[in-house]
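The values are calculated or read from the model by the stated rules, or taken from the named source; none is laboratory data. Computed from a prediction, not measured in an experiment: that's the story for all the values here. Methodologically, a virtual Cβ is constructed for each residue, glycine included, from the backbone with ideal geometry; neighbour enumeration extends over all protein chains shown. Surface accessibility is based on the protein's heavy atoms, side chains included, excluding ligands, DNA and RNA. Shrake-Rupley method; radii C 1.70, N 1.55, O 1.52, S 1.80 Å.
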Amino acid sequence: MDFGLSEEQRLLHESLVRYLEAEVPVSRVREIAARDDGHDPALWSKLAEMGVLGVLVPEAAGGSGLGLLDAAVAATALGRCVAPAAFLGTAVMAVIALREAGSDAQRSEWMSRIAAGEVRIAVAATELFARRAGTGFHAESGKLSGRSILVLDACADAILCPTPDGRIALVASDAPGLGVEPVETIDRTRRFAEIVAENVAPTEWLGGGEARPGALRRMIDAGRVIVAADALGASERALEKAVAYARERVQFGRPIGSFQAVKHLCAEMAAELEPARSLVWYAAHAFDAIPAEASLVAAHAKAHLCEIGTFIVRTATEVHGGIGFTDAHDLHLWFKRVGADRQMLGSPDAAREDAARQQGWV
Amino acid sequence: MDLSYSPRHEAFRAEVRDFLERHRAEALTALLGVDAGTARERALAWQRLLIEHGYAARTIPKEYGGHGAAPDLLERVILDEEFNRAGVSRGIGGQGPDMLVPTLLEHGNEEQKRSYIAPTIRGEIIWCQGYSEPGAGSDLAAVQTRAVEDGDDFVVNGQKIWTTTAHLAHMMFGLIRTEPEASKHAGLSYLLIPMQTPGIEVRPLGTMTGHSEFNEVFFTDVRVPKRNVVGRRGEGWKIANTTLKHERNLLASSALLEGSLLRLIDLLERTETESGRAIDRPGIRDRLLRLQARVLAMRCHSLRMLTCGIKGEWPGTAGLVTKLAGCEISHQIAGLAIDALAETGILYGEGAKAQAARTWQAHYMFSLGLIIGGGTAQIQKNIIAERGLGLPREPRA
């Protein structure tokens with residue numbers, strides 16, 4: 001019995017945070033976020049070199065062959081540092097989709113390119129959670145048509161496009177018939193787009209285009225755990241910033257953190273954060289080790305972390321007072337990171353409704 | 001992350017299961033309070049059997065009547081799990097075995113350990129805790145009950161409140177002011193007081209639940225031998241804090257939360273009105289799912305804290321949040337059950353029709369008592385913020 005992170009996992013977190021704080025500080029994050037593509041080749045290569053992009057890729061394909069808990073540890077570090085990196089789509093959701101649905105040839109080719117940092121993959125999965133009129137994809141004679149209004153980790157080389165019945169297409173971003181329109185969101189550290197496909201020939205149909213709803217489910221479960229881990233990292237840093245500010249900011253002749261009105265806000269944030277951290281670790285572990293619980297726990301982790309994350313980033317902003325509301329102070333980057341995490345891959349109420357369905361309550 | 005058990009622990013689990021199977025006939029199913037009443041003889045016999053097999057008082061040294069096993073947190077978890085699964089009582093617990101005994105082992109002298117530990121773990125001596133006073137609640141170190149030296153005795157005068165089981169107890173462990181000249185925290189001693197001593201009066205304290213879960217205890221010229229001080233005179237504050245640490249972990253166990261949640265789910269799936277089952281109402285269902293996530297998080301958290309305990313690692317802030325988070329969840333579980341019962345949620349009479357509402361209303365009220373007792377939520381927040389996050393203390397008035 002050992003519930004917690006291994007020495008290797010702690011080291012992975014430490015070294016990733018150390019690198020990000022030194023080489024991609026917030027000033028650099030702001031520069032990258034201001035670019036059209038929001039992408040930093042140096043950061044991306046470093047993530048490949050550190051084994052972060054290939055964390056879930058089998059060793060045979062040049063990856064580290066590790067589990068989702070290792071990926072969650074990396075995601076916590078990235079969220080903590082509001083890193084502008086398309087980790088979720090490329091290194092997690094695409095890898096799981098390939099692992100679960102790809103042919104041998106597809107797996108070895110695409111996974112090795114992912115681990116090497118040679119390719120970025122976006123995910124057009126929004127319609128799986130919230131169908132709107134005129135959206136979603138369908139396949140006809142091997143061609144893909146349809147629309148997705150919020151593609152995750154856009155500005156990529158290719159886009160994973162699942163159909164509602166569980167077929168997964170991998171479409172090149174510059175494929176004829178595909179229109180990609182960048183979408184501006186609150187969170188400039190990640191990229192989103194709207195895409196329209198008209199009779200597009202995908203680069204690949206994973207596994208020959210057979211319907212694989214189970215594979216899709218695994219991809220979503222993994223994505224949800226990673227979004228929860230990202231929100232965990234971002235919330236943890238927002239709390240630390242609030243505590244540091246409460247210790248140094250003096251009003252009425254005292255550090256504001258000595259007033260119970262302020263210190264209790266900090267305690268409430270910590271009391272929400274720590275059990276939630278345990279939940280993220282468990283959800284990531286369950287994905288690989290406890291298949292019967294994995295989907296339910298992933299839905300709960302996603303919903304819960306985004307609820308408490310939202311509470312923490314807004315409360316941390318309140319502790320900062322007026323300065324936290326300014327653009328010059330960086331805190332809003334964390335506020336917006338969690339704000340985006342909250343809506344991705346099923347907003348908290350949608351994830352809870354999913355949890356209800358899994359238990360036969362709906 | 002490895003949630004499996006070693007072969008040694010699996011063997012221990014098998015041994016416990018076998019024991020529970022063989023002793024099904026005499027096993028007690030009800031949760032055992034010290035007020036087991038006519039069942040008391042059976043309870044004491046069950047307790048003796050558990051100690052003999054090392055399933056109670058497992059790590060208490062043999063010379064003090066325990067089983068003398070080396071501390072092993074996983075064995076304790078296995079015992080909890082297997083006894084829970086079988087629906088069998090873990091034996092006699094409460095303030096004596098769970099709070100006083102660890103405190104005596106850490107701070108008591110040899111004579112005190114020999115006199116009290118064995119009969120306490122066997123359930124023969126029932127204890128109550130004399131800490132809080134009308135003027136010393138959150139500010140516990142402000143206790144005014146005083147003991148004045150007179151020969152070989154102290155003479156105690158004053159009043160304690162919130163004293164669970166005082167009406168049944170043979171002994172009290174209390175926090176008493178023995179050094180009036182010393183500063184507030186340095187003037188207290190940890191005193192063991194026989195409850196039969198003349199001058200002690202116990203009055204039941206009615207609470208909002210309609211029951212009397214607590215008492216008030218009045219002391220008028222109560223003579224207590226000086227040798228009944230645990231540790232040194234003036235060390236009472238430090239020693240009492242050892243006991244409180246044990247209490248806070250008792251008040252918010254994740255196994256209790258999981259049990260409450262399962263009963264809540266059962267209620268929501270069964271409670272039907274013309275508009276369907278309670279769980280079919282979206283608002284009710286959403287609250288249930290939020291609580292389910294929180295209970296799951298607390299279960300994971302307790303495994304994480306358990307691991308810290310096994311490895312001897314200090315868990316930091318994470319180790320300070322259990323009471324605050326757990327008691328609140330417990331209160332909310334009961335609140336949701338009452339809402340699911342709709343208008344009939346207010347029933348509080350005797351009889352089968354009112355049973356569900358009565359149980360959940362009592363849970364709802366009593367869990368609010370637990371949010372306040374054992375260090376209020378606000379005191380817990382001070383502890384988290386000051387000891388965990390390193391925020392400055394409030395300047396003293």
Fill in the blank from the handout: A:Thr76 meets each of (1) closer than 18 Å to A:Phe287 by Cβ; (2) surrounded by fewer than 16 Cβ atoms within 10 Å (Cβ to Cβ) with one exception, condition (2)
Problem - Filter pass, B:Ala325 being small (Gly, Ala, Ser) and either open to solvent by less than 30 Å² (accessible area, probe 1.4 Å) or in the same structural domain as B:Pro71 (by TED's automatic domain parsing) (or both) - result: yes
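Being assigned to a helix (DSSP H, G or I) and out of contact with any helix residue (DSSP H, G or I) (no Cβ under 6 Å at 6 or more places or on another chain) is the filter; apply it to the stretch A:196-217 and report the residue that is farthest from A:Asp165 (Cα to Cα). Give the steps one after another, and end with the answer.
Just the residues of the stretch A:196-217 that are assigned to a helix (DSSP H, G or I), to begin with: A:206-209, A:213-217.
Adding the requirement that they be out of contact with any helix residue (DSSP H, G or I) (no Cβ under 6 Å at 6 or more places or on another chain) leaves A:208-209, A:213-214, A:216-217.
On the way: A:Gly208: 14, A:Gly209: 11, A:Pro213: 6, A:Gly214: 10, A:Leu216: 9, A:Arg217: 11 Å.
So the residue we want is A:Gly208.
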Exercise for the section: Please work out if A:Ala261 is open to solvent by less than 10 Å² (accessible area, probe 1.4 Å), assigned to a helix (DSSP H, G or I) and not acidic (Asp, Glu). Expected result: no
Practice task
Can you tell me which residue among B:Ile372, B:Ile346, B:Ile333, B:Ile384 is more than 13 Å from chain A (Cβ to nearest Cβ), buried (at least 20 other Cβ atoms within 10 Å of the Cβ), out of contact with any Lys or Arg (no Cβ under 6 Å at 6 or more places or on another chain) and hydrophobic (A, V, I, L, M, F, W, C)?
Solution key: B:Ile333
Exercise for the section: Restricting attention to the stretch A:179-195, report how many residues are in contact with a helix residue (DSSP H, G or I) (Cβ under 8 Å, 6 or more places away or on another chain) and not polar (S, T, N, Q). Expected result: 4
Problem - Number of positions in the stretch A:5-40 that are at pLDDT below 95 and within 14 Å of chain B (Cβ to nearest Cβ) - result: 0
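Quick one: which of B:Ala334, B:Ala354 is part of a helix (DSSP H, G or I) and at pLDDT 95 or above?
Details: B:Ala354 fails: at pLDDT 95 or above.
Testing whether each residue is part of a helix (DSSP H, G or I) and at pLDDT 95 or above leaves just B:Ala334.
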Exercise for the section: Kindly indicate which of B:Arg233, B:Arg227, B:Arg223 is basic (Lys, Arg), touching a residue at least 40 places away in the same chain (Cβ under 8 Å), touching a Ser or Thr at 6+ places or on another chain (Cβ under 8 Å) and not in a loop (DSSP other than H, G, I, E, B). Expected result: B:Arg223
Exercise for the section: Tell me which of these A:Ala244 doesn't satisfy, since it passes every other one: (1) at the interface with chain B (Cβ under 8 Å from one of its Cβ atoms); (2) free of Cβ contacts under 8 Å to residues at least 24 places away in the same chain; (3) over 24 Å from A:Leu69 (Cα atoms); (4) open to solvent by 10 Å² or more (accessible area, probe 1.4 Å). Expected result: (1)
Fill in the blank from the handout: The condition from (1) assigned to a helix (DSSP H, G or I); (2) within 14 Å of another protein chain (Cβ to nearest Cβ); (3) in contact with a helix residue (DSSP H, G or I) (Cβ under 7 Å, 6 or more places away or on another chain); (4) open to solvent by 40 Å² or more (accessible area, probe 1.4 Å) that B:Glu394 misses is numbered (1)
Exercise for the section: Could you check, for the stretch A:200-222, whether at least one of its residues is within 23 Å of the chain's Cα centre (by Cα), open to solvent by 10 Å² or more (accessible area, probe 1.4 Å) and within 18 Å of A:Ala75 (Cβ to Cβ)? Expected result: yes
Problem - Residue identified as within 14 Å of chain B (Cβ to nearest Cβ), farther than 25 Å from A:Arg191 by Cα and open to solvent by 20 Å² or more (accessible area, probe 1.4 Å) among A:Ala356, A:Ala289 - result: A:Ala289
Problem - Residues of the stretch B:264-297 satisfying the condition of being within 9 Å of another protein chain (Cβ to nearest Cβ), open to solvent by 30 Å² or more (accessible area, probe 1.4 Å) and either in contact (Cβ under 8 Å) with a residue 24 or more places away in the chain or closer than 30 Å to A:Ala270 by Cβ (or both) - result: B:Asp286, B:Arg290, B:Arg294
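Results for (1) in the same structural domain as B:Ala57 (by TED's automatic domain parsing); (2) without any contact (Cβ under 8 Å) to a residue 60 or more places away in the chain; (3) open to solvent by less than 10 Å² (accessible area, probe 1.4 Å); (4) within 23 Å of the chain's Cα centre (by Cα), shown as yes or no for each residue.
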residue	(1), (2), (3), (4)
B:Arg122	no, no, no, yes
B:Ser132	no, yes, no, yes
B:Ala166	no, yes, yes, yes
B:Gly174	no, yes, yes, yes
B:Glu179	no, yes, no, no
B:Ala182	no, yes, no, no
B:Pro198	no, yes, no, no
B:Thr207	no, no, no, yes
B:Gly210	no, no, no, yes
Exercise for the section: Kindly indicate whether any position in the stretch A:96-107 is free of Cβ contacts under 8 Å to residues at least 12 places away in the same chain and either surrounded by fewer than 21 Cβ atoms within 10 Å (Cβ to Cβ) or of a type in the set (Gly, Ala, Ser) (or both). Expected result: yes
Exercise for the section: Would you point out which residue out of A:Ala316, A:Ala270 is out of contact with any strand residue (DSSP E or B) (no Cβ under 7 Å at 6 or more places or on another chain), touching a residue at least 40 places away in the same chain (Cβ under 8 Å) and open to solvent by less than 10 Å² (accessible area, probe 1.4 Å)? Expected result: A:Ala316
